[in-house]
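Taken together, the values in this text are just the output of simple stated rules run on the coordinates, not laboratory data. Bear in mind the structure is a predicted one, so any value in this text is a computation, not a measurement. As a convention, Cβ positions derive from the backbone with ideal geometry for all residues, glycine included, and neighbour counts pool all protein chains shown.
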Amino acid sequence: MSNKNLLPKILATMALVVIFTVISLMFSPFKSDIQDWLALEYNAHTNELMTRPNNYLMSEPELIIGKSTNPSQIITNELNLENSILDAWFDRSQTQALIVQRQGKIIYERYEADAKQGLGVNGMSMAKSVIAILIGIAIDDGLINSETDLISLYLPELELEQYKPIEIRDLLRHSSGIQSNNADMRNTLNNKLLDLSIRELSFGGDRAFSYDNINYHLLMLILQRLYQKPINEIIEAKVWQPLRLDDASMVSSAGYCCLFATAQSWLAIGNLFLNPNNTIVSKSWLVKMVQDASAPKSFYVQATGKSVGNSYGYHIYSGLNNLPEIFWIEGLGLQVIMINPKTQTIVVRLGGIPTGLNLKSNRSDPSIIAPLLKTLIE
């Protein structure tokens, strides 16, 4: 079914969800729980509209050349209790690609037939983590002094005297105060970079955490000016080819979204955080991506299923109750790379989120990722 045919169905479902939620909020003592449920439902339907490379909401993704991809869909996992639990979760969770690696060995791998090993699934905001890694590479290359550099050094159009100077770190942590609008999203998803000479930026009242895609679009613009290449070619030269990853593609006008890659390639990105000897970016930068985190007062995160208690680094998340060692990269639709350094385990999951109206799905479970967490801590 095409995205255009899906749209009326999704809009109708979302309208029912909004009506149900408004009524519930009026009478329920569990207001925050319902708001979190609605946030997840919104994410589920938005992801449905953007999941494929040829969807009508964004321009055609540009190629990132790695090594040629020859997807093989026939993978047999060892028959054991852990894998049978993961199989059952896979079937109920609208998952299209799932890999579990423990101590360097893949112990579980499964794909939907049309997922092309994940290449046909939009990684959504997981692209931000690649942009953050590239900022570290640019520092290693001597093109950026440090993350505390003012962005006006690289984007002089943004030297605004009436505002507190903005550092690259502020963009990485969504604490710049810069606010985007709907036109910014439409344009940057459809092959139009922001023209900073004419685009008058809007700023919030303070510099507290406020998740806004424009921060990572500006980081992408900095990288493109430094390397004098479009972002897909920078990723190709600095990440994909050095790591010998499978061919991928990306909407090259966004920076904050829409990198289509195999689950194996995302696994390699996760392995950077466990491998102190990687050759593409300094270990100290990867540590900083995780540890230089803020704790927003209210910020909904799909993996935790809540809006409070979450932490955000350079597009690295944490905040699981009683599991402080686990951190992850996340994209809309529950695209995740979850990492536990203690057990040396990585879980890559790509796909969608079932609607809450699907009573046979995992949406009614206390945690929609419980089997993944069990795999991470064992």
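Odds and ends about this structure:
- Other-chain or far-sequence residues with amide H under 5 Å of Asp246's (modelled H): Lys67, Ser265
- At most 16 other Cβ within 10 Å, DSSP loop - GluC sites (Glu not before Pro), segment 95-192: Glu159, Glu161
- Coupling constants for segment 224-232 follow from the phi torsions by the Karplus curve (6.51 cos²θ - 1.76 cosθ + 1.60, θ = phi - 60°), and in residue order they are 5, 5, 5, 9, 6, 8, x, 4, 5 Hz; glycine and proline get x.
- Only helical runs count toward this figure. For the chain, summing -39,500 (n - 2.57) over DSSP H runs of n ≥ 4 and dividing by all residues gives -10500 deg cm²/dmol at 222 nm.
- Rounded, prolate or oblate (a/c below 1.5 giving rounded, otherwise prolate when a/b exceeds b/c) for segment 36-123 by Cα gyration tensor: oblate
- Qualifying trypsin sites (Lys or Arg not before Pro) in segment 211-319, where qualification requires a DSSP coil assignment and no more than 13 other C-beta atoms within 10 Å, comprise Arg244, Lys297.
- DSSP-assigned coil residues among GluC sites (Glu not before Pro) in segment 37-82, each with at most 16 further Cβ atoms within 10 Å: Glu78
- Full-extension gain in nm, Gln241 to Ser84, via 0.36 nm per residue minus C-alpha separation: 53.0 nm
- Label point 7 Å beyond Cα of Ser294 along Cβ direction - residues of segment 198-217 with amide nitrogen under 19 Å: 201-217
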